[in-house]
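**Student:** Mind having a look at this structure? Questions to follow.
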Amino acid sequence: MEFTWIDIPTVNDPRGNLAILEKGVIPFDFKRVFYLFDVPSGSSRGGHALKTTNQLLIPISGSFDVVLKNGSDTQTMALNSPTKGLLIPTMTWREMHHFSAGAVCLVLASKTYQEEDYIRDWNTFTAVTGQR
Ligand code: TYD
């Protein structure tokens, strides 16, 4: 299984670097941006799949791991660069673990928030996708 990394165009400068998220760099039009911050040590997030929403996750500060399950496979991705985003396609179960102190996870989503788009129950996900 291949999950796609997106290289975020960056202007490097001795005064500090600047990364740009602009239409065209991301393979969907984003309608929502949110971010996870102040995640306590040892805490995990996620634990769901989205039926029709694509997301791009960017560790704009710190690092964390994302476990992805797409119905047939499981893969753990280490997010640790603010210039590399991870694309999470629809119908992909995701869990986020091992947040470093001060980590911030920025998420760009292709749709506005709708709880009906979530599969939050693992048994429902496995029944739909055949994931074991
Ligand atoms: P949740 O999706 O469970 O967070 P995570 O997957 O990061 O662990 O969302 C936590 C709560 O926030 C849940 O009650 C839904 C709400 N929420 C919104 O209201 N709008 C949003 O855009 C998101 C992502 C979550």
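The values are calculated or read from the model by the stated rules, or taken from the named source; none is laboratory data. Just so we're clear, the structure is a prediction, and the values are computed from it rather than from any experiment. Cβ sites come from the backbone with ideal geometry, for glycine too, and all protein chains shown count toward neighbours. Side chains included, ligands, DNA and RNA excluded: accessible areas come from the protein's heavy atoms. Shrake-Rupley method; radii C 1.70, N 1.55, O 1.52, S 1.80 Å.
**Student:** Kirkwood Rh and Cα-based Rg: tell me the resulting Rg over Rh for the chain, rounded to two decimals.
**Tutor:** Dividing the radius of gyration by the Kirkwood radius yields 0.97.
**Student:** As a test of reading the structure, rank L68, L21 by solvent-accessible area (1.4 Å probe, protein chains only), most first.
**Tutor:** L21, L68
**Student:** Separate question: Would you calculate, for the chain, the mean residue ellipticity at 222 nm contributed by helices, counting each DSSP H stretch of 4 or more residues as -39,500 (n - 2.57) and dividing by all residues, to the nearest 500?
**Tutor:** Mean residue ellipticity, 222 nm, calculated: -1500 deg cm²/dmol.
**Student:** If I ignore ligands, DNA and RNA and count only protein heavy atoms, how much of R120 is accessible to a 1.4 Å probe, in Å² to the nearest 10?
**Tutor:** Answer for R120: close to 120 Å² accessible.
**Student:** To continue, here is another question. Given charges of +1 on the Cβ of Lys and Arg and -1 on the Cβ of Asp and Glu, with all other atoms neutral, how large is the dipole of the chain about its Cα centre, in debye to the nearest 20?
**Tutor:** Approximately 80 debye in magnitude.
**Student:** Follow-up question, since we're still on this one. For L18 and T74, what is the calculated FRET efficiency with R₀ set at 30 Å and r taken between the beta-carbons, to the nearest 0.05?
**Tutor:** The value I calculate is 0.30.
**Student:** Averaged per residue, what accessible area in Å² does the chain show with a 1.4 Å probe, protein chains only?
**Tutor:** Averaged over the residues of the chain, the accessible area is 56 Å².
**Student:** Straight-line reach from K69: which aspartates and glutamates fall under 13 Å, measuring Cα to Cα and dropping same-chain residues less than 8 apart?
**Tutor:** E2, E95
**Student:** Ignoring ligands, DNA and RNA, what percent of the accessible area of the chain is carbon or sulfur (1.4 Å)?
**Tutor:** 51 percent
**Student:** Right, another one. Would you mind calculating the relative contact order of the chain from Cα pairs under 8 angstrom and at least 6 residues apart, reporting the percent as a whole number?
**Tutor:** With pairs under 8 Å counted, the relative contact order is 34 percent.
**Student:** Now a separate question. Which value, in Å² rounded to 10, gives the accessible area of T76 with a 1.4 Å probe and all protein chains present?
**Tutor:** Counting only protein heavy atoms, T76 exposes about 90 Å² to solvent.
**Student:** Among the lysines, which fall within straight-line cross-link reach of K23, defined as a Cα-Cα distance under 21 Å, with same-chain neighbours fewer than 8 residues apart omitted?
**Tutor:** Here the lysines satisfying the reach criterion relative to K23 are K31, K84, K111.
**Student:** Something else now. Considering only protein heavy atoms, what is the solvent-accessible area of K69 at a probe of 1.4 Å, reported in Å² to the nearest 10?
**Tutor:** Surface accessible to solvent at K69 totals approximately 40 Å².
**Student:** Residue-wise, which Karplus ³J(HN,Hα) couplings in Hz belong to the stretch 5-12, taking 6.51 cos²θ - 1.76 cosθ + 1.60, θ = phi - 60°, and x for glycine or proline?
**Tutor:** Listing the rounded values in order: 8, 10, 7, 8, x, 9, 9, 7 Hz.
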